[in-house]
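Q: Could you have a look at this structure, given as structure tokens, before my questions?
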2 protein chains.
Amino acid sequence: MAPKVLIVGSGGVGVICAYSLTKRAKSEVTLVVRSDYQRVSTQGLNIDSVNYGTVRNWIPSQVAPSVETARTQYGPFDYIFLCTKNVPDSRVTCEDIIRPAVSENTTILLLQNGIDIEKPMHKAFPHNLILSGISLIGSTNSPNLIQHKALEQVFVGDFDKSQSHPDSQKALDEIIDIYHNEGFNLILPDADVRQQRWNKLLYNATFNIIAGLTGVDACRCQITGANSALIEPAMREIMAIAKSEGYDVPEALLDKLIHIGDGLFYRPSMLTDVHNGQLTEVETVLGNPVRIAQKNGVAVPILNTLYSMMKIKQFSIKEQRKDFVLNEEDFKGNSDGYEAIFEEKYASHH
Amino acid sequence: MAPKVLIVGSGGVGVICAYSLTKRAKSEVTLVVRSDYQRVSTQGLNIDSVNYGTVRNWIPSQVAPSVETARTQYGPFDYIFLCTKNVPDSRVTCEDIIRPAVSENTTILLLQNGIDIEKPMHKAFPHNLILSGISLIGSTNSPNLIQHKALEQVFVGDFDKSQSHPDSQKALDEIIDIYHNEGFNLILPDADVRQQRWNKLLYNATFNIIAGLTGVDACRCQITGANSALIEPAMREIMAIAKSEGYDVPEALLDKLIHIGDGLFYRPSMLTDVHNGQLTEVETVLGNPVRIAQKNGVAVPILNTLYSMMKIKQFSIKEQRKDFVLNEEDFKGNSDGYEAIFEEKYASHH
């Protein structure tokens, strides 16, 4: 029987993933579309893909408006591919999102950004096989159109090379079998995905954060001299943290990533998130590296500064979204105590 | 004959200054109101002042729509009090703004923020007496209302204690005589205004910049833990730069300034500037200290980071204001060269 795959997250990564699996036709694919279910289930998805071409009104064979409904109608699932943003400081964590569909034999594959995203997932589902994937894909979700501009390359492996799960090789083989479309994408086993995660962070913890904070695209940042003044030194701090964890990010990658968007006037996704008042992945992309630096005694003054600034920005996005309503009367004394007051009166309720 | 004073800048500082001089009635005051002349010259100014009370429809006896007109109608001037923002990277510098009214015997008093603002002024007018003033005043310019919330305290002195001008004592005495209103304001001679400038920078180069970049008021920043994570370490970098120039900023001032806005949910002026799409004083408040640090070999990674980010922000404000129209075709090669391309093709024209 074909394995059952639930894809959670219908943005640029999730939709192309769903399309690839469907094209391969060796699994039973269910796509969760939470925010736009009515339209997608009736009119379908539109895709402009560098590999799959122009796809119009594609309705995945199984679409569900929620993870709960997906489980009831199409579960239990052999795999959950998690393709949402990962925002551990939001009201609903990724673990909460997929929980209704996780059964005893479900393998969970995290196709998300950031470092250490596997840890809370492992803690929430200690008996499930959890795999980690890095999707390198230039795919964005414009309203009613997925724009897919670069080959879908996915590196998949155990979430921690030191904790290889007895079933992981079998699952990896099967994932590659059902996901890889020869000539259309590359699904590659990776014995150490954590290295890939550090590599990718070089870009995401710098360009993404800087663009998100300033509201300015990458090329414009570079016109102000940011390459040498800010981006390279910040990337070197990420490299130093990776090094303290035993990972050597290649020196050549630094130069490559500084120049990867030259001339493109590219707007990193965090810029779009902030612009749209959406929560950002600051905690997985920057908060976790900064905490690792602190644990390992690596000095990262630039990243600390960016992180502090981005925490302020995230706070204001949460307030805009009415995640909390601030009562100024709660904050009248010595401001050194404000963080604790907020934690007690506002954050602890959820 | 009463000395003639031209006040340039009709914001929170300039209007209270003009009102103080007028109340003292020992000088002939001309106020330049560039952006709102029609309204101010017919309906007058409204002031809610902690010291002068509620003032409605106050029309200064001499108002001019431009520095040129002021000179023609009411000049030549014995004094120019410069109360505008100081934005040396804008199309029109402060030196350009006042030039039409500077005559041989004009003394120029800079009542502006930042460090080293006296240097370009001295270079532009090497034969004029230039004095430096720090105005400590909680005064903001809401539409049609100046809100003045703290005692006007002004420290005035030579712009450089090592280069005391032969006429400076006479000018200082006269300024205090025509400006000081017993019980209403404090106009104080200061043999070393540069110390005051460093002290004030502790706040302006940190809170102002952080609020400007994030769009978030001071108390909200503090709720996210910024006091210890960002603001105090940034203030200590300013203290280190001041120290490298021979100025000891008192340790107690750091604690005082961190907590000066506790409970007030105060929006620093740079936040308002960014919000309104106005150019900020980033170069005088942060750029100049960072350049001094570089010259003196002081490591300031936090301020460097904030400065790089704020330069990006200022760039985008200039673009919004149509100070330039970017042609993306000019920026297609290696991004390390973008800054030079911009300098050559865009910035050198003015």
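Q: If you average the alpha carbon positions of segment A:300-350 and of segment A:7-77, how far apart do those two centres end up, in angstrom?
A: 36 Å
Q: Another question, then. Please give the average number of partner chain Cβ atoms lying within 10 Å of the Cβ of each residue in B:228-236, rounded to a whole number.
A: Mean partner-chain Cβ count within 10 Å for B:228-236: 3.
Q: Let me ask you something else. Give, in whole angstrom and from largest to smallest, the semi-axes √(5λ) of the equivalent ellipsoid of segment B:155-244, with λ running over the eigenvalues of the Cα gyration tensor.
A: Equivalent ellipsoid semi-axes, largest first: 34, 17, 9 Å.
Q: Counting alpha carbon pairs within less than 8 Å and at least 6 residues apart, what relative contact order, in whole percent, applies to segment A:195-320?
A: Over segment A:195-320, the number comes to 36 percent.
Q: On a 20 Å Cα-Cα criterion, which of the cross-link pairs A:K322/B:K149; B:K85/B:K318; B:K85/B:K119 come out too long?
A: A:K322/B:K149
Q: What residue among A:E95, A:E152, A:E182 has the largest mean-square fluctuation in a Gaussian network model of chain A, using Cα springs under 10 Å?
A: So, out of A:E95, A:E152, A:E182, the one fluctuating most is A:E182.
Q: Of all DSSP beta bridges located in segment A:4-191, what percent are antiparallel, nearest 5?
A: 35 percent
Q: Here's something else I'd like to know. Of all alpha-carbon pairs in segment B:1-151, indicate the percentage at a distance above 28 angstrom.
A: Value for segment B:1-151: 14 percent of Cα pairs lie more than 28 Å apart.
Q: Just counting partner chain Cβ atoms within 10 Å, what average do the residues of peptide B:319-327 show around their Cβ?
A: 1
Q: Based on the Kirkwood radius over alpha-carbon pairs, what value in µm²/s does the Stokes-Einstein equation return for the translational diffusion coefficient of segment B:292-346 at 20 °C and 1.002 mPa s?
A: My calculation gives 162 µm²/s for D.
Q: Could you give the distance between the Cα centres of segment A:229-292 and segment B:249-273, to the whole Å?
A: So the separation of the two Cα centres works out to 31 Å.
Q: Find the centroid of the Cα atoms in segment A:129-160 and in segment B:154-216, then give the distance between the two in whole Å.
A: If we compute the Cα centre of each part, the gap is 57 Å.
Q: With all pairs of different alpha carbon atoms counted, what Kirkwood hydrodynamic radius in Å does segment B:77-125 show?
A: 11.1 Å
Q: In chain B, if the dipole is taken from +1 on Lys/Arg beta carbons and -1 on Asp/Glu beta carbons about the Cα centre, which of B:G225, B:N181, B:P100 is farthest to the positive end?
A: Positive-most Cα among the choices belongs to B:N181.
Q: Using a Gaussian network for chain A with springs between C-alpha atoms less than 10 Å apart, which of these wobbles most: A:D262, A:D89, A:D177?
A: The residue that fluctuates most here is A:D262.
Q: Hey, could you pull the Cα Rg and Dmax for segment A:1-64, both in Å?
A: When restricted to Cα atoms, segment A:1-64 yields Rg and Dmax of 11.1, 32 Å.
Q: Starting from the exponent 0.38 and prefactor 2.2 Å, build the expected Rg for chain B from its residue count and divide its actual Cα Rg by it.
A: Normalised Cα radius of gyration, chain B: 1.00.
Q: FRET efficiency for A:S66 and B:Y266, Cβ-Cβ distance as r, R0 = 35 Å, nearest 0.05?
A: Using R0 = 35 Å, I get an efficiency of 0.20.
Q: Turning to a different aspect of this structure: For the protein assembly as shown, report the translational diffusion coefficient in µm²/s to the nearest whole number, using Stokes-Einstein at 25 °C, 0.890 mPa s, and a Kirkwood Rh over Cα pairs.
A: In µm²/s, the coefficient is 87.
Q: Report, as an integer, the average count of C-beta atoms from other chains found within 10 Å of each Cβ along A:328-334.
A: 4
Q: Next up: With a 10 Å radius around each residue's Cβ, average the other Cβ atoms per peptide and rank B:318-324, A:289-295, highest first.
A: A:289-295, B:318-324
Q: Below 8 Å between Cα atoms, with a sequence gap of 6+, how large is the relative contact order for chain B in percent?
A: 15 percent
Q: Same structure again: With each run of n ≥ 4 DSSP H residues scored as -39500 (n - 2.57), what mean residue ellipticity at 222 nm is computed for the protein assembly as shown after dividing by its residue count and rounding to the nearest 500 deg cm²/dmol?
A: Helix contribution divided over all residues of the protein assembly as shown: -11500 deg cm²/dmol.
Q: Which order do A:C221, A:C83 fall in if you start with the one that has the fewest other Cβ atoms within 10 Å?
A: Arranged by neighbour count, lowest to highest, A:C221, A:C83 become A:C83, A:C221.
Q: If eta is 1.002 mPa s and T is 20 °C, what Stokes-Einstein diffusion coefficient results for segment B:195-320, Kirkwood Rh from Cα pairs, in µm²/s?
A: Approximately 148 µm²/s, per Stokes-Einstein.
Q: Run through the other copies and list how far each one's label point is from that of A:D177, in nm with one decimal, shortest first; the point sits 7 Å from Cα along Cα-Cβ.
A: With the label placed 7 Å along Cα→Cβ, A:D177 yields 9.9 nm.
Q: Pick from B:M309, B:M235, B:M270: which residue has the top mean-square fluctuation in a GNM of chain B where Cα pairs under 10 Å get a spring?
A: Its mean-square fluctuation being the largest, the pick is B:M309.
Q: Sticking with this one: How big is the C-alpha Rg of segment B:65-192 next to the rule-of-thumb value 2.2 N^0.38 Å, as a ratio?
A: The value comes to 1.06.
Q: Just to be sure I follow the rule: in segment B:161-281, considering lysines 8 or more places apart or on different chains, how many pairs have Cα atoms under 26 Å apart?
A: 6
Just so you know, all these numbers are worked out from the coordinates, no wet-lab data involved. A quick note: this is a predicted structure, and the numbers were derived from the prediction, not measured. Don't worry about glycine lacking a Cβ; one is built from the backbone with ideal geometry, like all the others, and counts go over all protein chains shown.
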